[in-house]
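> The structure follows.
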Amino acid sequence: MKSLSLLYGGLFLAAAAVHASEAAARFDGASPLEWSVLLARSEKARRGTSLDFSKNSGAHWDYASGLFADSLQRLGAEISDRAFNDYGAAIVDSFITGQGEIRTYRPEEFNLDSVEPGRALLTSYSETHEERLRRAIDLLRTQLARQPRTGRGVFWHKLRYREQVWLDGLYMAQPFHAECGKAFGEPDEIADASSQLAAADSILYDRRSGLYYHGWDESRQEQWADRATGLSPTFWSRAIGWFSMAVVDVLDSLPAAMPGTASVRDIEGRVAGGLVRWQDPVAGVWWQVTDQGARSGNYLEASASSMFVYALAKGVNRGYLPRAQYERAVLRGYAGLIREFVRRDLDGRISLTHCCSVAGLGGASATGGRPRDGSFGYYVGEPVVDNDLKAVAPFILAGMETERMMSLGTSQHAASPFSP
């Protein structure tokens, strides 16, 4: 098969091909950064203007599209391609009125999912300094200032999910929380973000498995909550993926000397240790229910696997994790992403397959009506789709960080990523 650089002639910028020759033998003919570019271009073509409120009044202020926007802005900066920056910025900026209000945003819901797109807004504001963007950022910060908290000081996931902490919500809120503190010179906000991660770690971490439970109900009243501990029953990989990204991204905003930074770095080590323990020894990626392997109904899942590769690679690149210990896991994980989940389509694009569409806790599934009880059967019973943005964006980020890790040099301890 021809290399991707030849097959899609002219598609990749020179900056994206720095280590393509080394990566070609490992990653099916393209470097990690080239794969990120190709999936980003493919998804832009598929989505068109559907995520842009100014072009589609049916679009919604949404964490998945916000994450995609953020990944495109970061990719554009990495390869100096303004087309990616502009497309990502347009997704979130299109919701902001001239007065700084956010269309379709409902602050009274106190939904942490609504905070995540603020990260892309921060990037836009840092470039344009538009007052309307700053006002929109302040609206999201006002939500966090008023967000209800558990007795341990961690934000409720949503107002209607009373007294509940979800791993998902830690990603939706805390990187933005910390980045605002850094951008606007408010160290108390950075400290609050780190302390919430530490509190969540102390509640949700399972020492036996090295993994993290999806959720905790402080009241112990939810039907999914253990009556003694308040914890949900099963380890869902994407929830752990959200937490793994939250930890490594918040660390970017923590000064080395700040009280609490060391504890967050310790959390990063615990997260990484658990991920490597449950990485599939043959496929190199991770299962939908993390610790259940090839149990009937379980499947290798793309969004969580991409999140894990991103978190591990970035941890190595930033010096939070020892390269000799984790580099091989990153390379094997990235090779697995390409081998297990990437499909070449007839139109010249690529697709990312085996993405869990959605999962949560409480109530009933919108597809089939099964209780969202945090059980194995529930997690493996939700729809599996292609090109879900919750997988596409982490895949783009994972390629960037893996490329960066490779450009820094491969240690003598790293073996072929295809070897078990």
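None of the figures in this text is laboratory data; all of them are computed from the coordinates on show. The structure displayed is predicted, hence computed values, not measured ones. Quick reminder, even Gly has a Cβ in these numbers, built from the backbone with ideal geometry, and neighbours come from all protein chains shown.
> Picking from G319, G181, Y212, whose Cα lies most toward the positive end of the charge dipole for the chain (charges on Cβ: Lys, Arg +1; Asp, Glu -1)?
It is Y212, whose Cα lies furthest towards the positive end.
> Have a look at L408, G363, N298 and report the one farthest towards the positive end of the charge dipole of the chain, computed about the Cα centre with Cβ charges (Lys/Arg +1, Asp/Glu -1).
N298
> Multiplying the sequence separation of R152 and S50 by 0.36 nm and subtracting their Cα-Cα distance, what value in nm do you get?
32.7 nm
> Can you work out ³J(HN,Hα) from phi for every residue in the range 324-333, in order, using Karplus 6.51 cos²θ - 1.76 cosθ + 1.60 and θ = phi - 60°, giving whole Hz and x for Gly and Pro?
4, 8, 10, 4, 4, 4, 5, 5, 5, x
> With label points built 7 Å along Cα→Cβ from the Cα atoms of R220 and L408, find their separation and express it in nm.
Taking the simple label geometry, R220 and L408 are separated by 4.4 nm.
> Hey, what's the Kirkwood Rh for the chain if you take every pair of different alpha carbons, in angstrom?
21.5 Å
> When the chain is fully extended, how far beyond the present Cα-Cα distance does D28 get from E186, taking 0.36 nm per residue of separation?
52.3 nm
> Next question, about the same structure. Would you calculate the separation in nanometres between label points at D347 and A228, each defined as 7 Å from the Cα along the Cα-to-beta-carbon direction?
Modelled inter-label distance: 5.4 nm.
> Next question, about the same structure. Sort the following peptides by mean Cβ neighbour count (other Cβ atoms within 10 Å, averaged over residues), highest first: 90-97, 337-344, 235-242.
Packing proxy ranking, top to bottom: 235-242, 90-97, 337-344.
> Hey, what number do you get for the chain at 222 nm if only DSSP H runs of n ≥ 4 count, each worth -39500 (n - 2.57), divided across all residues, to the nearest 500?
-16000 deg cm²/dmol
> Now, a different point. Considering Cα pairs under 8 angstrom that are at least six residues apart, work out the relative contact order of the range 4-407 and quote it in whole percent.
The normalised contact order for the range 4-407 reaches 16 percent.
> Identify which of L254, L167, L159 has the largest mean-square fluctuation in a Gaussian network model of the chain, with springs joining Cα atoms closer than 10 Å.
L159
> Work out the length of the dipole vector of the chain about its Cα centre, built from +1 on the beta-carbon of each Lys and Arg and -1 on the beta-carbon of each Asp and Glu, and round it to the nearest 20 debye.
600 debye
> Each label point is 7 Å from the Cα along the Cα-to-Cβ direction; what then is the distance between the points at R160 and A294, in nm?
Between R160 and A294, the label points sit 4.1 nm apart.
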